[in-house]
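Report on one structure; see the data block that follows.
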Amino acid sequence: MIADEVLARRLQTGDRTVIDEIVRRYYDALFGYLLRLTGGRRALADDLLQETWIRMMRGIAQYQYPRPFKSWLYAIATNQMRNHYASAEMRHTDTVDDAILELPFDDHAIDSDLIADEDARQVARALAALPDFQREVIVLVYYSDFSLQDAADSLAIPLGTVKSRLSNGIARLRSMMKATEL
């Protein structure tokens, strides 16, 4: 299998035949990432994903080898989500869309004992209620299988900040989960 970074370099040189392979490798994972970041809003996640592909194609010249291509691509997706919520006509709220209840969760995420049907819904609600900066780190590390360093690279923040946000976000999730048990 050809490394992602090699595909990116080929795309930079004008080889458009690699686009299908890049999309095949990342479409579902990026959609799931954006779906979690947008609180389960499928149409919004799809729009952001399409804009991510457009931005990737327009900005491929800025990709710098040997940076992991995956981190670079997820950074584009994260920035698309941030730009959407920062736009003048859009104001982000902490309300949870009912569609988030349909989000799939991986068995290894957070605590495997929590991932029963009702518990998964509670985790999804709690995750959606986190501030964006904590949710981004948790989704990258636990759902997108990023290393802490790759998450830091993707979000353009120091490794210590990733660790702090992850720790605080998990503590906040646990607190919210305990509050719902009462």
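Sorting the segments 56-69, 158-171, 133-146 by their residues' average number of neighbouring beta-carbon atoms within 10 angstrom, most packed first, yields 133-146, 158-171, 56-69. Backbone amide hydrogens, once placed in the peptide plane, bring Tyr63 within less than 5 Å of nothing, excluding anything fewer than 5 places away on its chain.
If you average 1/r across every pair of different Cα atoms in segment 20-92 and take the reciprocal, what Kirkwood value do you get, in Å? Display every interim value, and only then the final one.
Numbers: mean 1/r = 0.0791 Å⁻¹.
It is 12.6 Å.
Read the figures in this text as sums done on the coordinates, not as results from a lab. Not measured: the values here are computed from a predicted model. Cβ atoms come from the backbone with ideal geometry, glycine included; neighbour counts cover every protein chain shown.
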